[in-house]
């Protein structure tokens, strides 16, 4: 704000240069700003009520700095008190031509300092920093945090690809510092989210295998961010899902789902991904189903989550089971006899009935029970289809 205040003062002085010159030639007795109409001055008075929003307004109005001195001047006028503007103009009248020219140079210099670089330029600066092997760990964290924010918009993520940024970030996945690895994985996940262009680039650069290894990290934060990146890479991406399977992704998921010692956040993400993959398969019926969908040990690891004490995990498991039941390659009798889905659903029903007696979460529990019932009906329909087939 101090820089903007200084700029405003200089701008007002510069603006009055032309006015002062003309007025002197015409020997006019008036001094101050040259308002074209009374209405414009009235508008300025009205705008002074928004002075507190000046910084935000300036950020909204420009992209990469003010496009011109005139644009900066208009912004300055629109966020100023007209009385103070006239006072500044009167001060300018007392300056000599050489002093006014000096003020003009100061304005131009300050404009250059205030110019905000574009997002692409900011990303380039951060990437150049990361390419510097002697960069301090603190500055490396800072550069990564900046990129984490910048890659959120899909256009920025695409621009980072064009700047060669993906390779830079992927190299950071092997850094000795856990936070560097974590934030790097997070950046790749954000950039890949619902972005086929970035997904393709990251997969071709071989990052998926590295990220999958990071899921086994002893750092929960690193593991969850790596899993987030894996999910973002393969979601709605058939080629990515095939590569995920080739890298034993099904075993990774099964290990997470079947191990109570794994952090609950990671287990939730894992079962959510299972449901998402099954849903994606249902939407691409012309594509061959992934073999692990029919693996009975894998299916049992999902069904067993319905016995968890975490209701959120149970709900996500139900969503996954509902989609798995609709796949062609999953067998109803495997769900019935090996996974014991019927017993699991009945046990869950009793648990939910008890929870409904509590006021705190009744509405949520009711929603989960409704989902449980949908799964039960889908399961019964699958069993009936099997029994209807003549032997």
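Derivation of every value follows stated rules applied to the coordinates shown; laboratory data play no part. The model shown is predicted, which means the values in this text are computed figures rather than measured ones. Virtual Cβ from ideal backbone geometry, glycine too; neighbours counted across all protein chains shown.
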So if I restrict to the alpha-carbon atoms in the range 301-361, what is the Rg, and what is Dmax, the biggest pairwise distance, in Å? 12.6, 41
Take every Cα pair under 8 Å in the range 270-391 that's 6+ residues apart, average their separations, divide by the length, and report that relative contact order as a whole percent. 28
Under a crude label model (7 Å from the Cα following the beta-carbon direction), how far is residue 304 from residue 101 in nanometres? 8.5
Take residue 356 and residue 152, extend 7 Å from each Cα along the Cα→Cβ direction, and tell me the distance between the two endpoints in nm. 4.1
Taking 35 Å as R0, compute the FRET efficiency from the Cβ-Cβ separation of residue 128 and residue 239 and round it to 0.05. 0.65
Please report the spacing between the Cα centers of the range 311-386 and the range 193-241 in Å, no decimals. 29
Work out how much length residue 209 to residue 135 would gain on full extension: take 0.36 nm times their residue separation and subtract the Cα-Cα distance, in nm to one decimal. 23.9 nm
Theoretical FRET efficiency, 1/(1+(r/R0)^6), r = Cβ-Cβ of residue 121 and residue 179, R0 22 Å, to 0.05: 0.30
In terms of the Cα gyration tensor, with a ≥ b ≥ c the square roots of its eigenvalues, is the range 163-255 rounded because a/c is under 1.5, prolate because a/b exceeds b/c, or oblate? oblate
Rounded to two decimal places and with Rh computed the Kirkwood way over Cα pairs, what is Rg over Rh for the range 194-238? 0.99
Taking a point 7 angstrom from the Cα of residue 364 along the C-beta vector, which residues in the range 245-280 have backbone N less than 15 Å away? 265, 268
Quick one: grab the alpha carbon gyration tensor of the range 201-270, order the square roots of its eigenvalues as a ≥ b ≥ c, and give me rounded if a/c is under 1.5, else prolate or oblate depending on whether a/b is larger than b/c. prolate
If the convex hull is drawn through the Cα atoms of the range 288-391, its volume per residue in Å³: 94
Between residue 347 and residue 216, what's the calculated FRET efficiency when r is the beta-carbon distance and R0 is 35 Å? Round to 0.05. 0.65
